[in-house]
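Since the structure comes first, as structure tokens, the remarks are kept for the end.
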Amino acid sequence: MKVKFSPVRNNDRRGRNVRSRYVSDFEMNGADYAPQPNDAKKERDKVRKIEYRNHEQFRHDVWQIQLNAHLYNNNGRNPGIPPLADQLLEICDCLLEDYGDQLAEAEKGIDR
């Protein structure tokens, strides 16, 4: 694995202090390990913009977050992330089950 030199900003008040640190290819090319990057922020934005046509699309994106967490952290990097992603999917499934009737009613009103 190559190591590259990359500038990183310090958090000083003026924002002028720039330092550099070594960044591995793995850090810089995380998209290579997660072919369909997805995160909670993108999902939140999709919910706000009403881009999901049904709950299966939403669940698929949560599943994609879980898969990406396992792919990106499978070498021991951030070992606490994959279990959290597993919990996120479990919570999602429970809530989708609990609110299934309400979701079905709402989905009927969406033009397909």
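We did not get these values from a lab; they are worked out from the coordinates using the rules stated. Predicted, not measured: the structure shown is a model, and the values here were computed from it. Positions of Cβ are generated from backbone atoms using ideal geometry, with glycine treated the same way; all protein chains shown enter the neighbour counts.
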Checklist entry - For L103, what is the net charge nearby, where nearby means another residue's Cβ is under 14 Å from its Cβ and Lys, Arg count +1, Asp, Glu -1? => result -4
Checklist entry - With charges set only on the Cβ (+1 for Lys and Arg, -1 for Asp and Glu), what does the dipole of region 33-112 come to about its Cα centre, in debye to the nearest 20? => result 480
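R48 to L95: extension gain in nm, 0.36 nm per residue of separation minus the Cα-Cα distance? Each step should come with its number before you reach the end.
Details: separation 47, 0.36 × 47 = 16.92 nm, distance 1.81 nm.
Full extension from R48 to L95 adds 15.1 nm.
Relative contact order of region 33-112, please, whole-number percent, based on alpha carbon pairs below 8 angstrom and at least 6 residues apart. Could the numbers behind the result be given before it?
Details: 50 pairs, mean separation 27.0, N = 80.
With pairs under 8 Å counted, the relative contact order is 34 percent.
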Checklist entry - So, counting K/R as plus one and D/E as minus one, what does the shell of residues with Cβ under 15 Å around E90 add up to? => result -3
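Enumerate by residue number the GluC sites (Glu not before Pro) in region 41-110 meeting two conditions: DSSP loop (anything except H, G, I, E, B), and at most 14 other Cβ atoms within 10 Å of the site's Cβ.
Details: sites: E43, E51, E56, E90, E97, E105, E107; in loops: E51.
Within region 41-110, the qualifying GluC sites (Glu not before Pro) (loop, at most 14 other Cβ atoms within 10 Å) are E51.
Cβ under 14 Å from D61's Cβ, D61 left aside: what net charge do those residues give with Lys, Arg +1 and Asp, Glu -1?
Numbers: positive: K41, K42, R44, K46, R48, K49, R53, R59; negative: D39, E43, D45, E51, E56, D93.
Computed value for this residue: +2.
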